[in-house]
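The values are calculated or read from the model by the stated rules, or taken from the named source; none is laboratory data. A quick note: this is a predicted structure, and the numbers were derived from the prediction, not measured. No Cβ is skipped: glycine too gets one built from the backbone with ideal geometry, and neighbour counts run over all protein chains shown.
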Amino acid sequence: MREPIMTAVATVDTGKVEILREVPIPTWFGVGGAARRLAHPASVAQLMACLKIDAGLLVLGDGANLLVADEGVGPLVVVLDRGEFVAQRLLGPDGGVLEGGHELVRVGAGAKLPQTITWSHRLGLVGLEVLGGIPATLGGAAVMNAGGAFGQISDMVHAVTVLTRGGALVEFGREALRFGYRRAEFGGILDGAGAVVVAVTLALRRAASGDELAAARAKLIEVMEYKKSSQPMAAQSAGCAFKNPTLAATIEGIGAAGARVSAGRLIDRAGCKGLRLGCAEVSERHGNFITARLDLGVPGRADDVVALMRLVRARVAERFGVSLEPEVVLWSASGRDTLGS
Ligand SMILES: Cc1cc2nc3c(=O)[nH]c(=O)nc-3n(C[C@H](O)[C@H](O)[C@H](O)COP(=O)(O)OP(=O)(O)OC[C@H]3O[C@@H](n4cnc5c(N)ncnc54)[C@H](O)[C@@H]3O)c2cc1C
């Protein structure tokens, strides 16, 4: 692999962009309010125009890890679902092949992960299949370091290109990204700073044979089947509500001090499976999935989900002395929020 890089590669002029008003924010939870202002920039120049309008803007990916407050959100919301943000490109032999035979592909941050997996297989490139069944855009997957039992996206990220609110395009190499469990630091510039991931460069391996490619396709099906059998994939949720915690002290039957353990198991053992508040329910199938039940005849409210997350967190703390940290990102009227007390 090339040396880690963190280079300003360009300064971007502003373009013009249309701002839409009071637009519902589509999320996998299917509850929550609207964006006061929303834009679909199709180019980095248009995205720069958005940053000029609101340097504290929020980026909507596939909405698969997001809970939007019922009252909606005030900051400008941008959706990268057009133009260069959904482009997928094999960088080719010139500068695109690494030691060890990995090849580089550059994918717009708004491209969907499932489609990118299929696309890479069509090119004869393998690796991404371990992320089968994870709903995400490439930008959202990189920010969250999406992954699971079979691997995580950071294993394949070569570089990430970010537009800073100052209007500089900066490329972070994988070392500079400091990926951790369900997070990437991007040198701290994403934290509340309105910086936006515009593209992700992945290093994927060319299958040596048709058999290897077929094996990668079979693996994709296996990973998706595993998720379907263990998680309520069809329910309305944001996947795991809480991050798996690292234990400060050994808990009998759960894990040893220092081990990262399943939040779902803690939630289950705290007796929370099946708990319901309004439309929000702790899944019977997987304790760490909080679902919005819109089939029960009660209004779908993000407030119910937040209240249930607080209740679950309190019960786990009471039973085990472990404080669960939300994995789901919360947006309130003023922007990114925390679960509070
Ligand atoms: C059924 C289901 C199963 C799931 N299974 C898994 C799993 O197995 N493993 C796993 O890790 N996750 C899982 N998730 C959660 C989710 O798929 C991941 O967290 C995913 O990475 C979210 O990507 P997104 O594009 O939907 O991001 P969003 O939910 O739209 O956004 C998440 C955060 O990323 C930020 N963001 C998004 N794009 C950008 C960008 N371009 N630049 C800057 N910030 C950005 C948003 O502002 C927000 O803060 C699951 C979710 C569901 C609904």
query = Any residue in segment 135-156 that is more than 10 Å from the ligand (Cβ to nearest atom) and in contact (Cβ under 8 Å) with a residue 40 or more places away in the chain?
reply = yes
note = Within segment 137-149, the residues that are among the aliphatic types (A, V, I, L, M) and under 15 Å from Phe179 (Cβ atoms) are Leu138, Ala141, Ala142, Val143, Met144, Ala146
request  = Could you tell me whether any residue of segment 308-319 is under 18 Å from Leu277 (Cβ atoms), free of Cβ contacts under 8 Å to residues at least 24 places away in the same chain and of a type outside the set (Phe, Trp, Tyr)?
outcome  = yes
task = Just one of (1) within 14 Å of the ligand (Cβ to nearest atom); (2) at pLDDT 95 or above trips up Val312, so point out which.
result = (1)
query = Just checking, which of Leu67, Leu57, Leu47, Leu38 is farther than 13 Å from Trp331 by Cβ, in contact with a Leu (Cβ under 7 Å, 6 or more places away or on another chain) and not β-branched (Val, Ile, Thr)?
reply = Leu47
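Listed here are the residues, each with its yes/no results for (1) within 14 Å of the ligand (Cβ to nearest atom); (2) modelled with pLDDT under 95.
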site	(1), (2)
Val23	no, no
Thr27	yes, no
Ala39	yes, no
Leu60	yes, no
Gly63	yes, no
Leu80	yes, no
His102	no, yes
Ala109	yes, no
inquiry  = Return the residues of segment 162-171 that are under 15 Å from Thr201 (Cα atoms) and either in a helix (DSSP H, G or I) or in contact with a Ser or Thr (Cβ under 8 Å, 6 or more places away or on another chain) (or both); say none if nothing qualifies.
reply    = Leu169, Val170, Glu171
ask   = When you look at Leu213, is it touching a helix residue (DSSP H, G or I) at 6+ places or on another chain (Cβ under 7 Å), assigned by TED's automatic domain parsing to the domain that holds Asn145 and either aliphatic (A, V, I, L, M) or in contact (Cβ under 8 Å) with a residue 40 or more places away in the chain (or both), yes or no?
value = yes
query = Which condition breaks for Cys272 when tested against (1) surrounded by fewer than 19 Cβ atoms within 10 Å (Cβ to Cβ); (2) part of a loop (DSSP other than H, G, I, E, B)?
reply = (1)
key: Matching strands (runs of 3 or more DSSP E) fully within segment 275-341 where at least 3 residues are more than 19 Å from the chain's Cα centre (by Cα) and surrounded by 14 or more Cβ atoms within 10 Å (Cβ to Cβ)   = 280-282
request  = Determine, yes or no, whether Val31 is β-branched (Val, Ile, Thr), within 12 Å of the ligand (Cβ to nearest atom) and in contact (Cβ under 8 Å) with a residue 12 or more places away in the chain.
outcome  = no
query = When you look at Ala69, is it modelled with pLDDT of 95 or more and more than 12 Å from the ligand (Cβ to nearest atom), yes or no?
reply = yes
query = Restricting attention to segment 180-199, which residues are more than 22 Å from Gln88 (Cα to Cα) and either at pLDDT 90 or above or in a loop (DSSP other than H, G, I, E, B) (or both)?
reply = Tyr181, Arg182, Glu185, Ile189, Leu190, Asp191, Gly192, Ala193, Gly194
remark   = Those residues of segment 192-228 which are touching a strand residue (DSSP E or B) at 6+ places or on another chain (Cβ under 7 Å) and of a type in the set (Lys, Arg) amount to Arg205, Arg206
query = When you go through Thr338, Thr291 one by one, which is the residue that is touching an Asp or Glu at 6+ places or on another chain (Cβ under 8 Å) and among the hydroxyl-bearing types (Ser, Thr, Tyr)?
reply = Thr291
